[in-house]
Amino acid sequence: MINKTRKHKLESPKQKHNRHKATEAIMILDKMKHDFKEPPKAMKYFYDLFERVHCKNEPLHSDKVKVGTMCIQVPSEIIYALDAVPLRLCNGFYTNDEIGSDFLPSKACPLVKATIGEFVSNNFSDKPDLIVSPTTCDQKAKSGAIIEDLGFSVYDMEFPRTKESHESREYWRRSVRKFTKDLSADLGKKITKKRLKKSVMQVGYAQHLYHKLNVLRKNIKSPILGIDMFLVTNAFFFDKIDKWIEAVDVLIKECEQRVEDEYDCAHKRSPRIVYTGSPPIFPNLKIPLLIEQADAIIVADETCSSNRMFNDMVSVDEWFVNDMIDGIADRYLKGCTCPIFTKNEDRKRRIIDLVKEYKADGVVYQAFAGCQVYEMEQRSVLEAMEKEGIPIIYLESDYSPSHLGQLTTRIEAFVESLKNRKRKAK
Amino acid sequence: MNKIKNFINHADLRKFRFWLQLFFFVFFIYGGYLAIDLGRELPIFACGYNHEIAGTCYFMPLQHQLARPWETLFSVASIGVLTSFFVFLLWFIVFNKAWCGYACPMGTLQDWITSLRKFFGITYSTYTQPQYESLKKIKYIFLIIVIVFPLLLGLGILDGEWRGAFCDMCPGRIITPMFVGDFSQWSIDFSTKTAIFLSSFGIVFTALFFVGSFIKKRFFCFFCPMSAMHYIFSDVALLRLKKDGDKCTKCGDCYNVCDMQIKDIADDVKSTNILRDDCILCLKCVAACPEDDALHLDLVNYPIFKSTKGGFAKRMEIDRWEKKDD
């Protein structure tokens, strides 16, 4: 007789990890695709991209050296100029958050936990060859060592925590120059004027496109939802830059058409929101999703996974390597509104300006439980908004799928109150 | 109207400035051949030692006028001193410090030396902030030499050899005549000790002018007493450099391109009038600002050149991208 026992396959930890990640990814993508009015057709590229990378684990950069970056302060222009690809490693998966918890204090930031979790699982679709860790917030700075212990090669890039002084500018410029030299030696590539100029222009063009798309949201009938915008900007973390540029170019054309047709992706009375605080990183787009499901629309943001990544541009007076590097360095320090800096005046001014420019009705300030700097700045930002008469709500959240009920109630109440205000104003 | 505004805001400032500077340089240095004479009250270093100059630096007559004996200086006889001062003020008030950035032959010459440096592929140098803070005071010392020394002369405290002391020290006296083939100013006057000191100071300063401006952008402007004089009256000028601090992200793009290393342009978000004493109103900062309306040049209160996202992208050539293989 033939032994007819059924073959039982055990799921490997890696497969399990992939399955969990894919579930998280597909759940949010499905909601984005189907819970709202029709998204722009050009968004299909981005939905597919995230599905390819996070559900099918498709590598995008097998032919290039990959430089993982732990924060936005690592100059991508320099990495591109050395013929490598920057990959932003800030992670948004709850699965990774849980894995990383074992390595960090219980009250640590979920983003940092998730990032470490990804390293622990060592399950990358594009595995970084080198990790650059700028000394921005405490938790990020310290996780460099943890990652190193896991067997990765980590380069600490010194970053100042004040930005007003002449000394800090010089310090950071020196840091960036050193980084350029070290990376160039490490990769065995020489940085040339031509290549650096090309990469400054290319990243500059990507920024230019982002701005072009972003300003369309100033229209009272916004052509694109905030959550879709977050997906577009999140894609910049890891996508091939020329592919990203092509896709955004198409998206801009479609959105411009929508503006012309006066298409409104929200509703007539949907309150307009400026989103600020800890960065929403795919698939943790929970709060933006809740806001827009509650019939509000995010028209602008002040977060490092989106606006802050693109906002400030490099300007160069003389196109020499040294001058370009200094210009690049300044871009990542001087305009940065990250709460790790001693003062937070710039961030407050920026939020107020966004509210005015984008005719927003209110601000949502979200901080991850454990993201100390954002939690600490909350009070002063709330005060500043109150002074300006701008309604604001402060939310604390993490990566877990629980607590949704409470968050929904608070967000819905806030949106409702904004609607009332709007009605009364009329 | 919007089209014109858009055109101006997207303009290639570099080209515009190059041609305007070239025009003014030729105009002032060689204007005399065409019998052009704009008088002796110009707020730029168009030096009268060049006999073909189309108008003279105000400091030359000013020093002579102030050196009159005090009884004459403070009498009706010196009404001319006042009128020439008003003529100077009139010239200045219209264009403000744009005289420095666009019309001054010495300024233009420095920009050309900068281009030469660029041609050789040499990077510029900058001062550190503490150096900057102390060096910037020097121009006020020169201004004292321009104004107070002649007064002391009139009082009889200083000797006649101090007459026109600043002119003797000024590189403009030595350099400007060279362009019409007159090299006679390259000499040290051995008549008296003071003359030796002043004229050799002039030679050294001129040598520094060439070396300095090769290394540092607009090296001389930093020490220019005319720039200090401008600043005293710049608040009443019609052309104004304004800043809207709310729109500024302090990114420092303007500071990066500033030939004069003015830190306030990026860091000061409170002042609306952002013109500082070192400013040469070249407008490179406005051209390099990526935020809409953050920096603008106003004629009285009407903005004529504004910073725009689009203009920035166009000037940086990041508004287009062609795939090129290298």
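The values are calculated or read from the model by the stated rules, or taken from the named source; none is laboratory data. From a predicted model like this one, the values you see are computed outputs, not experimental measurements. Here the Cβ positions follow ideal geometry from the backbone for every residue, glycine too, while neighbour counts run over all protein chains shown.
Data for the structure
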quantity	calculated
Considering residues of the range A:57-83 that are among the charged types (D, E, K, R) and touching a residue at least 24 places away in the same chain (Cβ under 8 Å) only, the residue surrounded by the most Cβ atoms within 10 Å (Cβ to Cβ)	A:E77
Neighbours by Cβ (under 6 Å, 6+ apart or cross-chain): first from the range B:2-21, under 17 Å from B:A288 (Cα atoms); second assigned to a helix (DSSP H, G or I) and at pLDDT 90 or above	B:N9/B:G311; B:H10/B:G311; B:H10/B:K314; B:L13/B:A287
Counted residues, the range B:69-121 - those being free of Cβ contacts under 8 Å to residues at least 24 places away in the same chain and within 14 Å of chain A (Cβ to nearest Cβ)	5
Enumeration of residues in the range A:108-128 that are touching a helix residue (DSSP H, G or I) at 6+ places or on another chain (Cβ under 9 Å) and assigned to a loop (DSSP other than H, G, I, E, B)	A:A108, A:C109, A:N122, A:N123, A:F124, A:S125, A:D126
Qualifying positions in the range B:126-143 - within 11 Å of chain A (Cβ to nearest Cβ) and exposed (fewer than 12 other Cβ atoms within 10 Å of the Cβ)	B:T128, B:P130, B:Q131
So B:G172, is it in the same structural domain as B:Y33 (by TED's automatic domain parsing), within 17 Å of the chain's Cα centre (by Cα), small (G, A, S) and in a helix (DSSP H, G or I)	yes
Condition check for A:G92: within 25 Å of A:E246 (Cβ to Cβ) and in a strand (DSSP E or B)	no
Residue check for A:V316: among the aliphatic types (A, V, I, L, M), closer than 23 Å to B:K309 by Cβ and touching a strand residue (DSSP E or B) at 6+ places or on another chain (Cβ under 8 Å)	no
Failed criterion for B:V211 (all others in (1) closer than 21 Å to B:C104 by Cα; (2) touching a strand residue (DSSP E or B) at 6+ places or on another chain (Cβ under 7 Å) hold)	(2)
Members of the range A:212-222 found to be more than 17 Å from A:Y45 (Cα to Cα) and not polar (S, T, N, Q), listed by number	A:K212, A:V215, A:L216, A:R217, A:K218, A:I220, A:K221
Residues satisfying the stated conditions in the range A:2-46, i.e. hydrophobic (A, V, I, L, M, F, W, C) and over 26 Å from the mean Cα position of the chain (by Cα)	A:I2, A:L10
Unmet requirement for B:F220, which otherwise passes all of (1) within 14 Å of chain A (Cβ to nearest Cβ); (2) in contact (Cβ under 8 Å) with a residue 60 or more places away in the chain; (3) surrounded by 18 or more Cβ atoms within 10 Å (Cβ to Cβ)	(1)
Count of residues meeting criterion [in a helix (DSSP H, G or I), of a type in the set (A, V, I, L, M) and within 11 Å of chain A (Cβ to nearest Cβ)] in the range B:268-326	3
Qualifying residue in the range B:65-77 (condition: under 28 Å from B:C279 (Cβ atoms), at pLDDT below 95 and surrounded by fewer than 21 Cβ atoms within 10 Å (Cβ to Cβ))	yes
Subset of the range A:339-353 [within 10 Å of another protein chain (Cβ to nearest Cβ) and among the β-branched types (V, I, T)]	A:I352
Pair list, Cβ under 9 Å, 6 or more apart: the range B:240-260 residue facing chain A (nearest Cβ under 7 Å) and surrounded by fewer than 24 Cβ atoms within 10 Å (Cβ to Cβ), other residue in a strand (DSSP E or B) and at pLDDT 95 or above	B:K247/B:L295
Unmet criterion (only one of (1) crowded, with 22+ Cβ neighbours inside 10 Å; (2) part of a loop (DSSP other than H, G, I, E, B)) for A:D295	(1)
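A quick yes/no check of all residues on (1) closer than 16 Å to A:C304 by Cα; (2) under 18 Å from the mean Cα position of the chain (by Cα); (3) within 12 Å of chain B (Cβ to nearest Cβ); (4) of a type in the set (S, T, N, Q):
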| site | (1), (2), (3), (4) |
| --- | --- |
| A:Q202 | no, no, yes, yes |
| A:L209 | no, yes, yes, no |
| A:N214 | yes, yes, yes, yes |
| A:R217 | no, no, no, no |
| A:I224 | no, yes, no, no |
| A:M229 | yes, yes, no, no |
| A:A235 | yes, yes, no, no |
| A:D239 | no, yes, no, no |
| A:E246 | no, no, yes, no |
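The rows are residues; the columns are (1) within 14 Å of chain B (Cβ to nearest Cβ); (2) assigned to a helix (DSSP H, G or I); (3) crowded, with 20+ Cβ neighbours inside 10 Å.
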| position | (1), (2), (3) |
| --- | --- |
| A:R308 | yes, yes, yes |
| A:V316 | yes, no, yes |
| A:M324 | yes, yes, yes |
| A:T337 | yes, no, yes |
| A:V355 | yes, yes, yes |
| A:A367 | no, no, yes |
| A:G370 | no, no, yes |
| A:E383 | no, yes, no |
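So that you can scan it fast, the table gives a plain yes or no per residue for (1) surrounded by 21 or more Cβ atoms within 10 Å (Cβ to Cβ); (2) at pLDDT 95 or above; (3) under 23 Å from B:C170 (Cβ atoms):
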residue	(1), (2), (3)
B:D12	no, no, no
B:K15	no, no, no
B:Q21	yes, yes, yes
B:V26	no, yes, yes
B:G31	no, no, yes
B:A35	no, no, no
B:L38	no, no, yes
B:H51	no, no, yes
